[in-house]
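Student: Take a look at the following structure, please.
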Amino acid sequence: MTITTAPARPAIDQINASFSAAFRRSDGPGLGAVYTTDAQIFPPTGASRRGKADIQAFWQGALDMGIAAADLETVEFEEQGDTAWEVGKGALKAKDGQIIDECKYIVIWKCEKGVWKWHRDIWNTPADAIASVARYFAANGWRTGEPIAVPAKVFGTAYHGLASTNPKPSR
């Protein structure tokens, strides 16, 4: 069986541009349109999402939170038959153009019915570390408005040896 595909790189650039344009239009269906029928996304936080409807709902949530633009830049690209992979970096922006978050990503592309589409989409951001700490605090009983640290009060001189020796964890 011979698989005939459209040249990948020009199509990839065009589809990435259509994703960015859909953000600028606040077009949830347009964001979902770049994905294959059985696509899967792996956002930095939360569960993975599968299928166009679930992925479109995810991106509609991003639009509803005020993300108004997504700038994508392909850093590396390769293709093999009806599959391609892209490594890139991007920025999510508010309506005023302020960068909300920056990311790095990998997209696995599939040619579905002669059209290149995103099949697997995974990304991460520096904000992931902050979200991880926030989830840890929430899981351990911290509530909004409460302090995250309290000053320690030490009496006597027993701490002097500890404070002056550059202590290391015991495990």
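The values are calculated or read from the model by the stated rules, or taken from the named source; none is laboratory data. Everything quoted here is computed from the prediction, not taken from an experiment. Note: ideal-geometry Cβ built from the backbone for every residue, glycine included; neighbour counts use all protein chains shown. Please note that ligands, DNA and RNA were not included when accessible areas were found on the heavy atoms of the full protein model with its side chains. Shrake-Rupley method; radii C 1.70, N 1.55, O 1.52, S 1.80 Å.
Student: Are there any pairs, at least 6 apart or on different chains, whose C-beta atoms fall under 9 Å, with the first in segment 26-48 and closer than 13 Å to ASP121 by Cβ and the second crowded, with 18+ Cβ neighbours inside 10 Å and of a type in the set (Ser, Thr, Tyr), and if so, which?
Tutor: Going by the 9 Å Cβ cut-off, the qualifying pairs are ILE41/TYR35; PRO44/THR125.
Student: Considering only segment 116-139, state which residues are more than 10 Å from the chain's Cα centre (by Cα), at pLDDT 90 or above and open to solvent by less than 50 Å² (accessible area, probe 1.4 Å).
Tutor: Just the residues of segment 116-139 that are more than 10 Å from the chain's Cα centre (by Cα), to begin with: 116-120, 129-139.
Those left that are additionally at pLDDT 90 or above: 116-120.
Within segment 116-139, TRP116, LYS117, TRP118, HIS119 meet the criteria.
Student: Of all residues in segment 155-171, count the ones that are assigned to a loop (DSSP other than H, G, I, E, B), at pLDDT below 70 and open to solvent by less than 100 Å² (accessible area, probe 1.4 Å).
Tutor: Counting residues in segment 155-171 that are assigned to a loop (DSSP other than H, G, I, E, B), at pLDDT below 70 and open to solvent by less than 100 Å² (accessible area, probe 1.4 Å) gives 5.
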